[in-house]
Structure formats: C-alpha cells, structure tokens
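Q: Once you've had a glance at the structure underneath, I'll fire off some questions.
The values are calculated or read from the model by the stated rules, or taken from the named source; none is laboratory data. All of these numbers come straight from a predicted model, not from anything done at the bench. Positions of Cβ are generated from backbone atoms using ideal geometry, with glycine treated the same way; all protein chains shown enter the neighbour counts. The accessibility values were calculated without ligands, DNA or RNA, using every heavy atom of the protein model including side chains. Shrake-Rupley method; radii C 1.70, N 1.55, O 1.52, S 1.80 Å.
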Amino acid sequence: MELPAVLALNCGSSTVKFAVFIAEGETRISSGIVEALGTPGAAFRWSANSQQREQKLPGIDHRGA
C-alpha cells in the first residue's frame, strides 16, 4: 500500500526549493533546490534515499525549474 505524499514548494526571487513528505508521520523522503535562476551558474541539487545529486542548468528560469 502506498502512503499519500505532500509536496511543499517555496519559490523565491532566484530559487525554487521543494520537499516531499509522507503525509503520515511527516517523514521527508526527498528535498532539493534550484538556485541562481536566470544565470549561467544555475543548478539543481536534490537528495533522496540518502543520496545527493547535482545537475547544472545554465540560464534556467522559474518556469523551467
């Protein structure tokens, strides 16, 4: 049986942050950030299952994030 999940988003002027929680018990299962939006240094960093990843996304904007 799969448990319901909740996605939380926080959109700032140059970042988009997110977290995914299992609704019961408020356990975070994934989180991340897209930062430096609109610049050549834009990057997506996230973690899930005790693993961290990063992907460069030069020039990406809020819509792309």
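Q: Name, by its number, the condition in (1) under 11 Å from the mean Cα position of the chain (by Cα); (2) in a strand (DSSP E or B); (3) not charged (D, E, K, R) that does not hold for ALA65.
A: (2)
Q: Considering every residue within the stretch 12-33, establish whether at least one is in a strand (DSSP E or B), in contact with a His (Cβ under 9 Å, 6 or more places away or on another chain) and either open to solvent by 40 Å² or more (accessible area, probe 1.4 Å) or on the phi > 0 side of the Ramachandran plot (or both).
A: no
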